[in-house]
Amino acid sequence: MFALLVYLFLIIPLIIITGAAFGTDEYLRFPPQGFSLKWLANIFEVEMFVRTFKISLEIAVLGTVLALLVGIPAAYGLSRYDFVGKNFLQGFFLSPVLVPGIVFGFSLLNFLIIKYEMPVYTSLLIGHTVIIMPYIIRVISSSLENFDYSIEEAAISLGASKVKTFFVIVLPNITSGVIAAFILAFINSFNNVPVSIFLTGPGISTLPIQMMSYVEYYFDPTIAALSVVLMVMTIILMFIIEKTLGLSYFAK
Amino acid sequence: MKKNVYVYLLLLPGLIILLLFLAAPLFSTVFRTFQGNEGLTLAKYIAFFKDSYNRGVYIRTLKLALLTTLIAVILGFPTSYYISRLSRRARGLYIIFAVFPLLTSPVVRSFSWMVILGKNGILNSILLKLNLIEEPLRLLYNEFSIVIGLVYLFLPLMIMSLVGVMENIDEDLIEAAESLGATRREVFIRVIFPLSIPGLIVGSVLVFTGSITAYTTPQLLGGSNTTVLATLIYQNAMSLFDWDTASVVATIMILTTVFVTFLINKLSSRLNA
């Protein structure tokens, strides 16, 4: 009974926001009066939403690809081999998740944009690549744990080169881990606020940042409609995670 | 496990990125707070804490984080225990509904509480209709709304940490205790609680440090009188252009999270010994 109440607390706000998105009123209310899709359509009328949605998508995809490119070899090295300083390096690769986002975002603004005059877009991409890295390393490492390295050794002893073995034997065996890592990293980048908020400039902003400044001035159901779109996106991505990694991964 | 020198080559690209774009910027932020005209100094910290406004912000941040953690434990503990005793299938369903909010944008999650708690929000209109109040209550933009928003944000994290540990508690242990005459209460205090401590520690560290560093929720649900450390960094950097103070707050935030994590872990090893 108690558990059910707690879960109502978790779910009801999201139901309310969904209901509010489909009303006909000019301001947010629940239960909504009438039914209309005009607020959903209105998302596309707000040019900044469309533009920042594209930027968020771009940054999330590019950042995730970059993090995978450096993260997969690192995760492989960390789980396959034993070497001096292994524990320290493992901790170091996971450390971005421990650094408060707001501190990291501020430091990047300070260091990259002000001190070294790097472009805002590049800095934003770098920031996201770094915060994504721990998710990649963790998920790939855990799927490598289930990989039987004797298969790899068999390939090598049969004459395949190490590089070829990695691409032909190891990588195909951890595909679901790579997909799950991609999705998790993508979600974390796409939803990020504290790092992005410092790394915006003329014409460059992300969707969550744009949404935050929108609600400061307007309180109409457009944001609720946008929230619904984002929740649908989350449901689809969750479905993929469940199929690849299993959602019980989060209870660890 | 094989030994290999080339392994460092695999790690190198990632290491370079983390050193250049994580370690160096953070070091630069922390370093400037100790920089004075004549060598290293704590002057900026002394100046920061001399200001009663800043002290207020720091204390408020800790207070709200502590409150959030306590509420998350009170709500999360019984809930997680209930979930952990369910069948695999039912447990999976509960986990889905905890993970979903976790993966939903914090902006969306905070915004939903603006809709509920606002002046013309749902809660106020229900209370008005029931004639329980005559004027809408001010439920938003204060410490109350921040705590609700933070609990909402972090409760799933607490539940996941606890369920992960509790589902490994052997049912036989509970049955053994019961058959030896322990009441449900005793079973809970002497069997379930001690075995859940690791999950409780992880969950509390995550919720507490998360609450100290959260930006989105206090920014959206808090007001001008409820500045916390995260919003103070933003204000100093982007509105006042006081980079030194922003760096000081950032460093204080890092030190506080490190200290709290250390403290809770220390406490837990005491409890386990």
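Every number here is computed from the coordinates shown, using simple stated rules; none is lab data. Please read all numbers here as calculations on a predicted model, not as lab measurements. Please note: Cβ atoms are built from the backbone with ideal geometry, for glycine as well, and neighbour counts cover all protein chains shown.
A few points about this structure:
- Residue-count net charge about B:Pro78 - beta-carbon cut-off 14 Å; Lys, Arg +1, Asp, Glu -1: +3
- In this Cβ point-charge picture (+1 for Lys and Arg, -1 for Asp and Glu), the protein assembly as shown has a dipole of about 560 debye about its Cα centre.
- Rounded D (µm²/s) - chain B, Kirkwood Rh over Cα pairs, Stokes-Einstein at 20 °C, 1.002 mPa s: 98 µm²/s
- Convex hull projection area averaged over all views, region B:15-133, Cα basis, nm²: 14.7 nm²
- Using only alpha-carbon positions in region B:215-268, the gyration tensor eigenvalues give semi-axes of 25, 15, 6 Å once each is multiplied by 5 and square-rooted (largest first).
- Dipole-positive endmost among A:Ile209, A:Thr175, A:Leu109 within the protein assembly as shown (Cβ charges, Cα centre): A:Thr175
- Residues within the reach of a label modelled at B:Ser269 (point 7 angstrom out along Cα to beta-carbon, backbone nitrogen below 19 Å), restricted to region B:195-230, are B:197-206.
- Site pair B:Arg88 and A:Ala154 shows an inter-label distance of 2.8 nm when each label is modelled 7 Å from Cα along Cα→Cβ.
- Fraction of alpha-carbon pairs over 46 Å apart in the protein assembly as shown - percent: 15 percent
- Ordering B:Trp243, A:Trp39 from the fewest to the most neighbouring beta carbons within 10 Å gives B:Trp243, A:Trp39.
- Per-selection Kirkwood Rh - region A:179-252 (Cα, Å, 1 d.p.): 14.1 Å
- Taking N as the residue count of chain A, its C-alpha radius of gyration divided by 2.2 N^0.38 Å amounts to 1.20.
- Alpha carbon centroid spacing (whole Å) that separates region A:1-62 from region B:113-170: 18 Å
- Between A:Glu117 and A:Glu145, the FRET efficiency estimated from the beta carbon spacing at R0 = 41 angstrom works out to 0.45.
- Stretched out straight at 0.36 nm per residue, the stretch from B:Leu42 to B:Leu180 would grow longer than its current Cα-Cα span by 43.6 nm.
- Student exercise, chain B dipole from Lys, Arg, Asp, Glu Cβ charges, in Debye to nearest 20: 200 debye
- 10 Å Cβ neighbours from other chains, averaged over peptide B:90-102: 5
- Share of Cα-Cα pairs in region A:55-128 lying beyond 22 Å, as whole percent: 37 percent
- From the Kirkwood radius over Cα pairs of region B:122-273, Stokes-Einstein at 4 °C and 1.567 mPa s returns a whole-number translational diffusion coefficient of 69 µm²/s.
- Positive contributions from Lys and Arg (+1) and negative ones from Asp and Glu (-1), summed over other residues with Cβ under 9 Å from the Cβ of B:Ala177, come out at -2.
- Region B:31-96 - charge dipole about Cα centre, Lys and Arg +1 at Cβ, Asp and Glu -1, debye rounded to 20: 420 debye
- Stretch gain in nm, segment B:Asn168-B:Leu20, where the contour uses 0.36 nm per residue and the Cα spacing is subtracted: 49.1 nm
- Distance between region B:200-273 and region B:58-80 - C-alpha centres, whole angstrom: 14 Å
- Mean separation of Cα contacts under 8 Å (6+ apart) over length of region B:71-219, as relative contact order %: 32 percent
- Look at the stretch A:119-128: the mean tally of other chain Cβ atoms within 10 Å of its residues' Cβ atoms is 1.
- Considering only GluC sites (Glu not before Pro) in DSSP loops that have at most 15 other Cβ atoms within 10 Å, the longest stretch of chain B without any of them is B:135-273.
- Using C-alpha pairs below 8 Å separated by at least 6 residues, the relative contact order for chain B is 26 percent.
- Fraction of C-alpha pairs exceeding 20 angstrom in region B:75-193: 59 percent, rounded to a whole number.
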